[in-house]
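A quick write-up on the structure given underneath.
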Amino acid sequence: MRSVGRRLVGVPRGHDRDEPDEDTGDRERSVVHCVRHDEHRYELTVRDAVGMIACPDIEVVVAPKIPPAHFEYLLARSRTVPRTDSQQGSTAPGTAVWDLVASWFVSAVEQALRKGILSDYEERSDFLPLPRGSLRPLETAQAFYRGKVSFACEYEEFGNDSALNRVLRAAAVRVGREPYFDATLRARAHRAATRFGDVSELRSDDVRVAIDRRLLGFRDALALARHVLSATGRTAEQGAARAWTFLLRTPEAVEAGVRNVLAGGLTETDVKKGRIPLTGGKLTLNPDLVFGDTAVGDVKYRVVRKPDWRRGDLYQVTAFATGGRVPHAALVAFGDGVATLPDVHIGDIAVRGFLWNASFDVEPEQAARTLVEEVRHWLHEADSEWSGRRDSNPRPSPWQGDALPTEPRPQRRSG
């Protein structure tokens, strides 16, 4: 478990690799921490991640803290790429982490192609000038009476244009063409597809190709290719489908998902991630949400069960608003039986809390629409209040960073 945690560790965007983690200090970097309490009992902690960890004698499934439907909805609207490892296990099939399956497939097909493209005999049926293989007498006679001197034959051709290669090539082409996959992953898939050379297009019955002893090295690549072509992903639940160890950092995925939901719904407002350096040091202010030049906000992947603020969250969004020189700040978190947080004023800064309704009986689409409408109404009030003060005392915006796309991420279509 410890070695898997070290292999899967990564540095979130915006963090300095030389800067010690706030929670772990100078300890060895790992997303998995094991503490032995006695001979038969260990304490296992997976920090800020969900997924599946497979070891020779145990599989650990780390589920999200919010209902899976809501987490998968936000994950589909983020561009977070999971970290994977070579240890294999099993999970349940699903449609949420299609990016993960695509990443597994590209890695598997690259490994298989290191041994070269596998040539095989392919059954063909055609009219030939000379007999070859099995002759089809009736079709040959019909062609003769139509004035065509040729032989209808069924024969085998040895080459690269086999059903296996057509499936792998088609899956690689699909990954390379999907716009919401990571650019690096698409480039790898495109390079893999070009390795198949003159392999033809996918045929209707190719996906049913059977694996024999000669094709065992392509078993994983073929299984994942079928899932890519059927738009099947994986979920963080136990099941019988083959899977590789993977962990997905939740803070970045949820933050990007919420930001893209708001950016897609608030088309009249520029919603982006902000960054402003502080003088006198290397620290920066990095709010998850900057709403034009009106307000700032932050996203917390936490379930709020009491209608009260955490002091640290309040201080953080207030610092963001102070650094951005705007009088309005917001916090977006997840509610479980709590509708909202009370409005708070700190000096001239008004802070409002928004809770994504993450109840099991609420559809994610409805929760997203409600959040967008609540934030739109709040921004309208904030902009009306702030416009007069802003016009009388104009200041350049201190935030750095590019605006995110205002259109939501394209939806997957199966088939």
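The 3J(HN,Hα) values that the Karplus relation (6.51, -1.76, 1.60; θ = phi - 60°) gives for segment 167-175 are, in residue order, 5, 5, 5, 4, 5, 5, 5, 5, 4 Hz. Gly and Pro appear as x. With a Förster radius of 30 Å applied to the beta-carbon distance between GLU157 and ALA223, the computed FRET efficiency rounds to 0.70. Residue ranking by accessible heavy-atom surface, 1.4 Å probe, largest first, among MET1, MET52 comes out as MET1, MET52.
Net length available on complete extension from LYS282 to ARG191 is 28.8 nm, with 0.36 nm assigned per residue and the Cα-Cα distance removed. May I ask which of LYS65/LYS273; LYS273/LYS306; LYS65/LYS306 have a Cα-Cα span longer than 22 Å here? Beyond 22 Å: LYS65/LYS273; LYS273/LYS306.
Only protein heavy atoms count here; under a 1.4 Å probe, PHE320 has an accessible surface of about 10 Å². You can think of it this way: the chain between LEU135 and ALA210 has 24.4 nm of extra reach, that is 0.36 nm per residue less the Cα-Cα gap. At full extension, SER150 and PHE360 could sit 68.9 nm farther apart than now, given 0.36 nm per residue minus the alpha carbon distance.
The phi-based Karplus calculation (6.51 cos²θ - 1.76 cosθ + 1.60; θ = phi - 60°) puts the 3J(HN,Hα) values of segment 141-150 at 5, 4, 5, 5, 6, 8, x, 10, 8, 7 Hz, whole numbers, x for Gly and Pro. Bridging of LYS272 to lysines at a Cα separation below 25 Å is possible for LYS282, LYS300, once same-chain residues fewer than 8 apart are set aside.
The values are calculated or read from the model by the stated rules, or taken from the named source; none is laboratory data. Since the structure is predicted, the reported quantities are computational estimates derived from the model, not experimental observations. So basically every Cβ, Gly included, is an ideal-geometry build from the backbone, and we count neighbours across all protein chains shown. Heads up: the accessible areas ignore ligands, DNA and RNA and are worked out on the full protein's heavy atoms, side chains in. Shrake-Rupley method; radii C 1.70, N 1.55, O 1.52, S 1.80 Å.
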